[in-house]
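The structure appears below as structure tokens.
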Amino acid sequence: METTAAFAGLVCTDCGQDFDAGTTTHGCPDCGGILNPTYDLAALDLTRADLESRPFDGMWRYEELLPFPRDAAVTMDEGTTPLVECPELADELGVGRVVVKDEGRNPTGSFKDRGHALAVSAAVQHGASDVALASAGNAGQSAAAYAARAGLDSHVFVPSRASFVNKAMINVHGGDMNVVEGRFTDAAAACADAMEGEDWYSTSSFSTPYRHEGKKTMLYEIVEQLGWEVPDRVVYPTGGGVGLVGMHKGAKEFRDLGLIDGLPAMYAAQSSGCAPVVEAWERGSDRHDEWEVPDTICGGIEIPDPGASPLILDALRESDGGAVATPDDEILDSAITVAQHTGLEMGATCAAAASGAWELAEEGVFDDDDTVVLMNTATGNKEDDILRSHLMGKGL
Ligand SMILES: *Cc1c(COP(=O)(O)O)cnc(C)c1O
Ligand SMILES: [Zn+2]
């Protein structure tokens, strides 16, 4: 396996055991817990000036803090997305500054590309010929694209309600697409069945240790784009919590390296139609209960049984953040407001973050000089039909 110098292997987030990343691929061999990549940060001499001197040319510019070197990466220059200033939203939310991290500008139009660049690189390092995953849609599209780039076969399991764009592009990239009747949980079960007896590398989130690891680079970039200011709040549309957990890990690494002092408060935003994390947060529990009847138009965050909820809830607590749910109707209104007031295109799923931020502002959670980051996790025009129907439903 070709790894970077400071990469120290995998540690179980549950039992704390260390494992060799060359031989351990998915989940803790002892307890089944989620694995985290670790680094010998003390041995790394990485300064703000080092990072500033590098071109802003994709997430691999943080190579020392990733498991695999850039020249062994399966990459399409994902990452280094813009952080767009939105003074209108800052006025509306009554805070000092609102910036939108626009992850729509990734190769397949969503932040899933960061996770798949790393996970498919890992699949190659492990000598896999096939990758497989269950996905609400965007991750499947991304997997098919990165597998195509690496010359691997991909097996993607999406629920029937996944968007047309996602299904079409999985086909276009040559993925083996399996449309499963029902919802995400049904797709996950079908994927698990199909993997029985196969030697496929799973790129399902938190099954591979590398999806959340790739997404941590969003936090690195935001901090650097803000001139090393740690944002006060980051609001994240939360399904499985991959990006939220990753970004929190990234913040702790930057802090431990002495690059920043504090941690941004992380907020999980969900739809009231599927809000297991918010429910667990409000109950003060350290684990979610499965959401009985998931029902939201925000497909990307319709995850009723997020296996990593203990990690999500830890991140919210450790960062002094929180969780917020808003109804689909308000979420769709927020997407339209953002599109009309800022020009930015935000899909329904991502707009859960905008809508959640409005709710948090109304609850008085924000201070008037706060810098608030909204994560626009995918390009808005992947969900153009949903936004347009919402307008038409209002007679517009
Ligand atoms: C996957 C996805 C999410 C949720 O991501 P998690 O990290 O699993 O919580 C949010 N928005 C969009 C557009 C997505 O595709
Ligand atoms: Zn373990």
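The values are calculated or read from the model by the stated rules, or taken from the named source; none is laboratory data. No experiment lies behind these values; they were computed from the predicted model shown. Cβ: placed from backbone, ideal geometry, glycine included. Neighbour counts: every protein chain shown. The protein model used for the area step is the full one, side chains on, heavy atoms only, and it has no ligands, DNA or RNA in it. Shrake-Rupley method; radii C 1.70, N 1.55, O 1.52, S 1.80 Å.
Ile312 falls short of the stated requirement of being under 14 Å from the mean Cα position of the chain (by Cα), assigned to a loop (DSSP other than H, G, I, E, B) and away from ligand 2 (no atom under 16 Å from the Cβ).
For the criterion of being open to solvent by less than 10 Å² (accessible area, probe 1.4 Å) and either without any contact (Cβ under 8 Å) to a residue 40 or more places away in the chain or outside the structural domain of Lys216 (by TED's automatic domain parsing) (or both), Ile301 fails.
Going by the structure shown, is Pro237 closer than 27 Å to His26 by Cα and within 16 Å of ligand 2 (Cβ to nearest atom)? Considered against the rule, which asks whether it is closer than 27 Å to His26 by Cα and within 16 Å of ligand 2 (Cβ to nearest atom), Pro237 comes out as no. Going residue by residue through the range 349-362, is there one that turns out to be open to solvent by 60 Å² or more (accessible area, probe 1.4 Å) and either among the acidic types (Asp, Glu) or away from ligand 2 (no atom under 16 Å from the Cβ) (or both)? Scanning the range 349-362, I find at least one residue that is open to solvent by 60 Å² or more (accessible area, probe 1.4 Å) and either among the acidic types (Asp, Glu) or away from ligand 2 (no atom under 16 Å from the Cβ) (or both), so the answer is yes. Can you find a residue in the range 99-106 that is open to solvent by 40 Å² or more (accessible area, probe 1.4 Å) and in a loop (DSSP other than H, G, I, E, B)? Within the range 99-106, not a single residue is open to solvent by 40 Å² or more (accessible area, probe 1.4 Å) and in a loop (DSSP other than H, G, I, E, B). Within the option set Glu213, Glu253, being more than 16 Å from ligand 2 (Cβ to nearest atom) and surrounded by fewer than 24 Cβ atoms within 10 Å (Cβ to Cβ) holds for one residue only, Glu253. Of all residues in the range 259-276, those satisfying the criterion of being of a type in the set (A, V, I, L, M, F, W, C) and closer than 20 Å to Asp329 by Cα are Ala268, Ala269, Cys274, Ala275. For the range 31-42, filtered to residues that are out of contact with any strand residue (DSSP E or B) (no Cβ under 7 Å at 6 or more places or on another chain) and open to solvent by 40 Å² or more (accessible area, probe 1.4 Å), the residue that is nearest to His126 (Cα to Cα) is Gly32. Number of residues in the range 337-347 that are at pLDDT 95 or above and crowded, with 18+ Cβ neighbours inside 10 Å equals 6. Residues in the range 30-67 that are more than 16 Å from ligand 1 (Cβ to nearest atom), farther than 18 Å from Ala5 by Cβ and in contact (Cβ under 8 Å) with a residue 24 or more places away in the chain: 4 in all.
One residue stands out in the range 372-396 among those that are polar (S, T, N, Q) and buried (at least 20 other Cβ atoms within 10 Å of the Cβ): the one that is nearest to the chain's Cα centre (by Cα), namely Thr377.
Scanning the range 52-62 for residues that are open to solvent by less than 60 Å² (accessible area, probe 1.4 Å) and in contact with a helix residue (DSSP H, G or I) (Cβ under 6 Å, 6 or more places away or on another chain) yields a total of 3.
Would you pick out the residues in the range 97-111 that are within 30 Å of Ser205 (Cβ to Cβ) and either more than 24 Å from the chain's Cα centre (by Cα) or touching a residue at least 40 places away in the same chain (Cβ under 8 Å) (or both)? Matches in the range 97-111: Val98, Val99, Val100, Lys101, Asp102, Glu103, Gly104, Arg105, Thr108, Gly109, Ser110, Phe111. Among the residues of the range 209-258, the ones that are under 26 Å from Ile331 (Cα atoms), assigned to a loop (DSSP other than H, G, I, E, B) and hydroxyl-bearing (Ser, Thr, Tyr) come to 1 in all. Of the residues making up the range 7-45, those that are more than 24 Å from the chain's Cα centre (by Cα), among the small types (Gly, Ala, Ser) and more than 23 Å from Val131 (Cα to Cα) number 2. For the range 230-250, which residues satisfy the criterion of being more than 13 Å from ligand 1 (Cβ to nearest atom) and either open to solvent by 10 Å² or more (accessible area, probe 1.4 Å) or closer than 17 Å to Leu41 by Cα (or both)? Selection gives Val230, Asp232, Arg233, Gly250.
Quick check, is Arg211 within 16 Å of ligand 1 (Cβ to nearest atom) and either in contact (Cβ under 8 Å) with a residue 12 or more places away in the chain or under 19 Å from the mean Cα position of the chain (by Cα) (or both)? Against the criterion (within 16 Å of ligand 1 (Cβ to nearest atom) and either in contact (Cβ under 8 Å) with a residue 12 or more places away in the chain or under 19 Å from the mean Cα position of the chain (by Cα) (or both)), Arg211 qualifies.
No other residue among Gly94, Gly27 is touching a residue at least 12 places away in the same chain (Cβ under 8 Å) and within 16 Å of ligand 2 (Cβ to nearest atom) apart from Gly27. Among residues of the range 262-279 that are more than 13 Å from Leu219 (Cα to Cα), those with a beta-carbon under 7 Å from a residue that is among the basic types (Lys, Arg) at least six positions away or on a different chain give the pairs Tyr267/Arg233. Asp45 satisfies every condition listed in (1) modelled with pLDDT under 95; (2) surrounded by 14 or more Cβ atoms within 10 Å (Cβ to Cβ) except (2).
Residue by residue, here is whether (1) under 25 Å from Gly33 (Cβ atoms); (2) touching a strand residue (DSSP E or B) at 6+ places or on another chain (Cβ under 6 Å) holds:
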position: Lys252; (1), (2): yes, no
position: Ser271; (1), (2): no, no
position: Val278; (1), (2): yes, yes
position: Asp289; (1), (2): yes, no
position: Val293; (1), (2): no, no
position: Gly307; (1), (2): yes, no
